[in-house]
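The values are calculated or read from the model by the stated rules, or taken from the named source; none is laboratory data. Please read all numbers here as calculations on a predicted model, not as lab measurements. So basically every Cβ, Gly included, is an ideal-geometry build from the backbone, and we count neighbours across all protein chains shown. Side chains included, ligands, DNA and RNA excluded: accessible areas come from the protein's heavy atoms. Shrake-Rupley method; radii C 1.70, N 1.55, O 1.52, S 1.80 Å.
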Amino acid sequence: MALANSLVFPDLLISITLIVVILVLTIYLVNLLMKLSMIDYKASMGTYLFVACQLGNLSDNGLSHIIIMNKLVSSNYLIICPRIVVNGSQLTSSIYVVYTR
Amino acid sequence: MIYKSLLPILIILLIMIVITTYLMHYVSTETAKAIILENKYLLSINTFRQLNETLPQVLQNRACMLIVNPINYTCNSIAIDMTNSVNNALSTISNKTNNLVIYRVVNYTVYGSGNITIYRVSINAFIQSSNIERTITVSYPFNLCYYSQLVREISNSLGDGITINANNITDAIWKINNGLANKVAYHGQSRIILYYTGVFSMIKRTHNYTVYSGSINYVLSISPNINTCNETTEITGEFHATVIINAFVNNTYYFSINGAVSNN
């Protein structure tokens with residue numbers, strides 16, 4: 001018993017509890033920071049696509065993280081890019097909606 | 001004691017978590033707002049920009065339609081057709097984006113000014129809190145409105161019959177040629193050629209005058225003097241002509257004329 005008492009002393013239990021708490025909180029913090037950087041990533045991707053759309057060469061060439069749809073599917077899109085082309089003496093318009101994969 | 005030294009770390013960790021949670025919430029709502037605003041801005045500005053780029057080509061195509069058929073397809077038809085086309089394109093964008101931005105054509109006009117035709121359309125883009133109004137102006141390097149009017153005027157003037165008074169038949173032929181040349185002698189940026197052919201027959205003769213009646217078939221060929229679209233207007237028709245010779249013409253019961261006059 002004396003051996004057991006000397007092995008599982010109260011300090012050890014408290015230390016383990018504290019370390020577990022710190023670990024959980026750290027994981028939560030890192031998770032939040034990851035989300036922040038994801039938002040930042042989306043924002044910079046959106047800015048890039050904004051410029052690409054303005055220049056009229058919006059495409060998913062070389063961008064493996066985005067998907068371009070031709071209609072609004074859900075509200076979590078990155079950007080909406082309109083495209084108007086001449087079709088004979090008429091105008092035809094379409095839109096590109098960019099989502100993250 | 002090991003856990004006493006861990007307490008400050010724990011407290012700092014908790015503070016960091018509170019700050020990060022707040023930051024997360026703030027950044028994600030602001031990002032969502034920014035993305036919506038950016039998209040509305042992008043949608044309206046880019047739509048205007050693309051209309052600016054595409055409308056000259058549409059005007060070009062419409063201009064060719066007018067040059068082929070200037071009598072039925074007028075300047076006003078261009079204005080209406082182009083505005084309809086713009087409206088269709090804009091409503092498609094509005095529909096496909098669940099009315100994120102609603103466009104409305106406020107005003108439109110087509111007019112000829114000097115040597116050019118101008119199409120102007122004002123579009124209002126309604127975004128929830130504000131609206132952006134933009135006017136798009138495109139031009140075509142030829143006065144289509146004047147051209148359309150010119151062709152209609154010449155065509156109308158040829159529809160009326162003519163009566164020629166002359167001293168002899170040679171004089172009559174010269175006067176018909178002259179009269180037709182006057183009808184096409186419009187200045188302007190158009191090449192006009194009128195080919196005509198006609199047959200006259202004597203219908204009345206007295207001792208001091210002879211009357212011939214005939215019909216003149218014509219082909220009126222008009223094209224703009226710029227080659228933006230290689231189209232020519234061709235109008236064919238027929239009009240009645242009466243020739244009165246102020247003399248007794250002895251043995252000419254029939255005569256025919258043909259020729260071509262141009263505005264150059």
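Look at (1) more than 27 Å from the chain's Cα centre (by Cα); (2) open to solvent by 90 Å² or more (accessible area, probe 1.4 Å) and you find that A:SER89 fails only one, number (2). From the list B:ILE222, B:ILE216, B:ILE226, B:ILE193, the one residue that fits, being open to solvent by less than 30 Å² (accessible area, probe 1.4 Å), within 28 Å of B:TYR111 (Cα to Cα) and in contact (Cβ under 8 Å) with a residue 40 or more places away in the chain, is B:ILE222.
Looking only at the range B:116-167, residues that are assigned by TED's automatic domain parsing to the domain that holds B:ILE93, farther than 19 Å from B:ALA79 by Cβ and either surrounded by 18 or more Cβ atoms within 10 Å (Cβ to Cβ) or under 15 Å from the mean Cα position of the chain (by Cα) (or both) come to 1 in all. In the range A:41-72, of all residues being in contact with a Lys or Arg (Cβ under 7 Å, 6 or more places away or on another chain) and surrounded by 14 or more Cβ atoms within 10 Å (Cβ to Cβ), the one that is farthest from the other protein chains (Cβ to nearest Cβ) corresponds to A:ILE67. Considering the range B:66-80, the residues that are surrounded by fewer than 18 Cβ atoms within 10 Å (Cβ to Cβ) and assigned to a helix (DSSP H, G or I) include one that is farthest from the other protein chains (Cβ to nearest Cβ), namely B:ASN76.
The residue that is nearest to the other protein chains (Cβ to nearest Cβ), among those in the range B:31-65 that are modelled with pLDDT of 85 or more and open to solvent by 70 Å² or more (accessible area, probe 1.4 Å), is B:GLN57.
Pull up the range A:73-92, narrow it to residues that are in a loop (DSSP other than H, G, I, E, B) and among the aliphatic types (A, V, I, L, M), then point me to the one that is farthest from the other protein chains (Cβ to nearest Cβ).
Among those that are in a loop (DSSP other than H, G, I, E, B) and among the aliphatic types (A, V, I, L, M), it is A:VAL73.
Condition test on B:ILE93, is it at the interface with another protein chain (Cβ under 9 Å from one of its Cβ atoms), touching a residue at least 24 places away in the same chain (Cβ under 8 Å), over 30 Å from B:SER223 (Cβ atoms) and surrounded by 17 or more Cβ atoms within 10 Å (Cβ to Cβ)? Spell out how you get there, then give the answer.
Details: at the interface with another protein chain (Cβ under 9 Å from one of its Cβ atoms): yes; touching a residue at least 24 places away in the same chain (Cβ under 8 Å): yes; over 30 Å from B:SER223 (Cβ atoms): yes; surrounded by 17 or more Cβ atoms within 10 Å (Cβ to Cβ): yes.
Criteria met by B:ILE93.
In the range B:233-251, the residues that are closer than 11 Å to B:LYS204 by Cα reach residues that are outside any strand (DSSP E or B) and hydrophobic (A, V, I, L, M, F, W, C) with C-beta atoms within less than 6 angstrom, at least six apart or across chains, in these pairs: B:VAL243/B:ALA172.
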